[in-house]
1. For segment 142-217, what class follows from the C-alpha gyration tensor (a ≥ b ≥ c being the square roots of its eigenvalues): rounded when a/c is under 1.5, otherwise prolate if a/b is larger than b/c, else oblate?
2. If amide hydrogens are placed 1.01 Å from N in the peptide plane, which non-local residues have theirs closer than 5 Å to the one on Thr183?
3. What does the chain give for Rg and for Dmax, in Å, if only its C-alpha atoms count?
4. Which lysines does Lys257 reach when only Cα atoms under 24 Å apart count, and residues fewer than 8 places away in its own chain are ignored?
5. Can you tell me which of 200-213, 81-94 comes out highest on packing, and rank the rest after it, using the mean Cβ neighbours within 10 Å?
6. Identify, among Ala134, Thr183, Val51, the residue whose Cα sits farthest towards the positive end of the charge dipole of the chain, taking +1 on the Cβ of Lys and Arg and -1 on the Cβ of Asp and Glu, with the dipole about the Cα centre.
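We did not get these values from a lab; they are worked out from the coordinates using the rules stated. Just so it is clear, the model here is predicted, and its values are computed rather than measured. No Cβ is skipped: glycine too gets one built from the backbone with ideal geometry, and neighbour counts run over all protein chains shown.
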Amino acid sequence: MTASTASETADDPETTSDLLVSLRGVNKHFGELHVLRDVDLDITRGEVVVVVGPSGSGKSTLCRTINRLEPIDNGRITLDGTELPSEGKDLAALRSDVGMVFQQFNLFAHMSILDNVTLGPIRVRGRKKTAAEAEARRLLDRVGVGDQAHKMPVQLSGGQQQRAAIARALAMEPKVLLFDEPTSALDPEMVSEVLEVMKELAATGMTMVVVTHEMGFAKSAAHRVIFMDRGQIVEQAPPADFFAAPRSDRTRDFLSKVL
Ligand code: ADP
Ligand code: MG
């Protein structure tokens, strides 16, 4: 857990073994649009970082750069001490250490829930089918959908699909899990069942980056809340400080709209 601000942790990331993800001077354009502006960010092992900010501020792009789904213009991104290459085989290996849970679940529609969860471990991690299935059933039980393993995604509710997607991400034993608005596509009554699973995960020490508008989750589960606006990290603080005493006008303005 850390309450560090960017300025306090700006030196020597490699000397800190607790450091898991580090971004330094990361910039990203889409054409003329400067979407990430000199982003510096350190995430320590076991930390739960919630990212909030207005639509279009660069939150999804930030997540996507962390596993290099999105190339960056310049800057450095390291994962567990290794700099992420921009392409090639090493990238696939590093990327498999970064799990991602999307707003739209992104389960493979033509495969059973069980096959969705075992695919990565068998194909990418080289696990035997029987072992992968046993582990998948354990994970599906853990997120409360063990009895849905044989079904196709379309047969599950949105909340069940998203919990299965979390099990699928966990099956790869990622070092860090990124969640990009994981409850935004859900019917309201299913939001809490997904947030509960995420809170339990956070309590087990999983390193998590969570983009969300669920301020209750931020207050109860985050170690640190980051406010992004126009491609910049404007402010970051432990949730108690962030919500009680935001320092910047932009943060205050944002909070006045969402709280
Ligand atoms: P957020 O997740 O905070 O809503 P995004 O990271 O999705 O913001 O987007 C940041 C900005 O970049 C927005 O203005 C968005 O329209 C733009 N953008 C995102 N993805 C692309 C893309 N693939 N091509 C062009 N512009 C993009
Ligand atoms: Mg987004």
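1. It is oblate, given that a/c is not under 1.5 and a/b is not larger than b/c.
2. Under 5 Å from the amide H of Thr183: no residue qualifies.
3. Final numbers for Rg and Dmax: 18.1, 55 Å.
4. Lys59, Lys219
5. 200-213, 81-94
6. Going by the Cα projections, it comes out as Ala134.
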